[in-house]
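The values are calculated or read from the model by the stated rules, or taken from the named source; none is laboratory data. Note that the structure is a prediction, hence the values are computed from the model and not measured. Here the Cβ is made from the backbone with ideal geometry for all residues, glycine too, and neighbour counts use every protein chain on show.
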Amino acid sequence: ERPFEVEAVRADFPSLHQEVHPGRPLIYFDSAATSLKPDSVVQALDAYMAVYPSNVHRGLHVLSERATEAFEDAREAVASFLGVEDSARVIFTRGTTESINAVAMSWARSALQPGDAILLSELEHHSNLVPWQMVAKEKGLELRFAEITDDARLEMDAIEAALTDRVRLIAVTAMSNVTGTLPPLADIMDLARRRGIRVLIDAAQGLPHGDLDIRRLDPDFVAFSGHKILGPTGVGVLYAKRELLEAMPPFMTGGSMVVRVTRDSAEWNDLPWKFEAGTPPIGEAIALAAALRYLAAFPADQVAAHERSLLEHAHEVLGRIPGLRIVGPTDPAKKGPIASFTMEEAHPHDLAQLLDRHGVAIRAGHHCTMPLHTRLGIPASARASFSLYNTTDEIDRLGEALESIRAMFRRRASKPTPAAARQ
Ligand code: PMP
């Protein structure tokens, strides 16, 4: 264990130490899109690339054995991070998107019947929506939606209201990537267990931030991405109940996932390899393990407290700017470290572009949640998302930059237009 100290943490992230424009050091508030990576992750990937860039499971030579060992160790590291024992239930995928698609294409296709329903929430990322739309069309399933409140909270009442006897799966995010909303997962699990409904948790945003207790919740499926939790792109995880994985057909076929192949038939390999066709993201999985070890070295409550203080500060600073509206829950204690907002004077894309000139990286758009933005009555939002390496000082600088951008827009708006001046 290592006590959490933000300056020491910042020293571990090489990408933080650069100016993105002359005199403008990077302020990175785009961790919900992808997080920065600590040195240990860079080094883990580099060591794989430079020293033992070998394929796994097949070779009998030293480098292949080393790669295989590191890759399978990475699986153990994921299980240990999730607090679970059976690492054969940890399937490496390319990311959350592939993990959810796998469940849709394999489990939903084989286990659900026409007329069955899948319950989602209005908060969901396109990757926890479009795969279900596809399988619903193909199989004649119904998609049902738990409605959110005007401030984007998801309450049990709404989930119960959307429930029918035909709901076989609840697929819900652990944290909205726009509003930071934290759905009541423990209550959802209780309800699902009582009613014999399966649950998939999209943990892409929830897992990197604190207290998502997978062991205690014990959902049927969990999906997450390496690159949002301090690891590299190209690797993610599907963690699922053993009996489900055993019954599920592979969603992708090819090498490694088979034990015996004839001209016209094949026999599947054991878990987890049955679901890992082809050469897996070896270096990426190894580097993901380094990321999880990095994060796990800090007391989780200290990291969570730091991120909470960042969010509280962000709500305070952004809340002081006239015309700025934070979308989603107003109480920072009830959400994850994400502040999305709109500003009367400026389109989110303009905000993002102008903030970039101040060295501040945020994201603008619909953040792959078009139905959520439609529900909130806005075409787009600007999103500042925070991680353990951010500071309240950086948030002050975001506030100052937004103030100056707002002043600029107001000056422009109050100037007569050339056409008006001629009249
Ligand atoms: N779900 C949520 C809540 C997300 O924020 C994201 C990434 N923005 C995804 C799913 C998809 O993750 P990936 O693109 O890494 O597959």
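Would you tally the residues in the stretch 159-171 being within 16 Å of the ligand (Cβ to nearest atom) and surrounded by fewer than 24 Cβ atoms within 10 Å (Cβ to Cβ)?
Residues in the stretch 159-171 being within 16 Å of the ligand (Cβ to nearest atom) and surrounded by fewer than 24 Cβ atoms within 10 Å (Cβ to Cβ): 0 in total.
Which of the residues belonging to the stretch 197-222 are away from the ligand (no atom under 16 Å from the Cβ) and either under 13 Å from Gly83 (Cα atoms) or surrounded by fewer than 20 Cβ atoms within 10 Å (Cβ to Cβ) (or both)?
Ile197, Asp211, Asp213, Arg215, Arg216, Leu217, Asp218
Acidic (Asp, Glu) and within 27 Å of Ile362 (Cα to Cα) - does that describe any residue in the stretch 291-311? So that I can check it myself, show each step before the final result.
So in the stretch 291-311, the residues acidic (Asp, Glu) come out as 301, 307.
Imposing the further condition that a residue be within 27 Å of Ile362 (Cα to Cα) reduces the set to 301, 307.
Yes, that holds for at least one residue.
Kindly provide the set of residues from the stretch 88-119 that are away from the ligand (no atom under 12 Å from the Cβ), in contact with a strand residue (DSSP E or B) (Cβ under 8 Å, 6 or more places away or on another chain) and outside any helix (DSSP H, G or I), ordered by number.
Hits for the stretch 88-119 are Val90, Ile91, Phe92, Leu112, Gly115, Asp116, Ala117, Ile118, Leu119.
Just name the residue that is farthest from Gln302 (Cα to Cα) out of those in the stretch 365-385 that are among the hydrophobic types (A, V, I, L, M, F, W, C) and away from the ligand (no atom under 14 Å from the Cβ).
Filtering the stretch 365-385 for residues that are among the hydrophobic types (A, V, I, L, M, F, W, C) and away from the ligand (no atom under 14 Å from the Cβ), the one farthest from Gln302 (Cα to Cα) comes out as Ile378.
Could you please find all residues in the stretch 318-374 being assigned to a helix (DSSP H, G or I), farther than 27 Å from His17 by Cα and touching a helix residue (DSSP H, G or I) at 6+ places or on another chain (Cβ under 9 Å)?
Result: Pro332, Ala333, Met370, Pro371.
This table checks each residue for (1) at pLDDT below 95; (2) under 28 Å from Asp150 (Cα atoms).
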{"site": "Ala364", "(1), (2)": "no, yes"}
{"site": "Leu372", "(1), (2)": "no, yes"}
{"site": "Tyr389", "(1), (2)": "no, no"}
{"site": "Ile395", "(1), (2)": "no, yes"}
{"site": "Ser414", "(1), (2)": "yes, no"}
{"site": "Thr417", "(1), (2)": "yes, no"}
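Go through the stretch 375-400 residue by residue and tally those that are touching a residue at least 60 places away in the same chain (Cβ under 8 Å) and either closer than 19 Å to Glu122 by Cα or not in a loop (DSSP other than H, G, I, E, B) (or both).
So the answer is 13.
Can you find, within the stretch 24-42, the residue that is nearest to the ligand (Cβ to nearest atom) among those that are over 15 Å from Gly234 (Cβ atoms) and among the charged types (D, E, K, R)?
Selected residue: Asp30.
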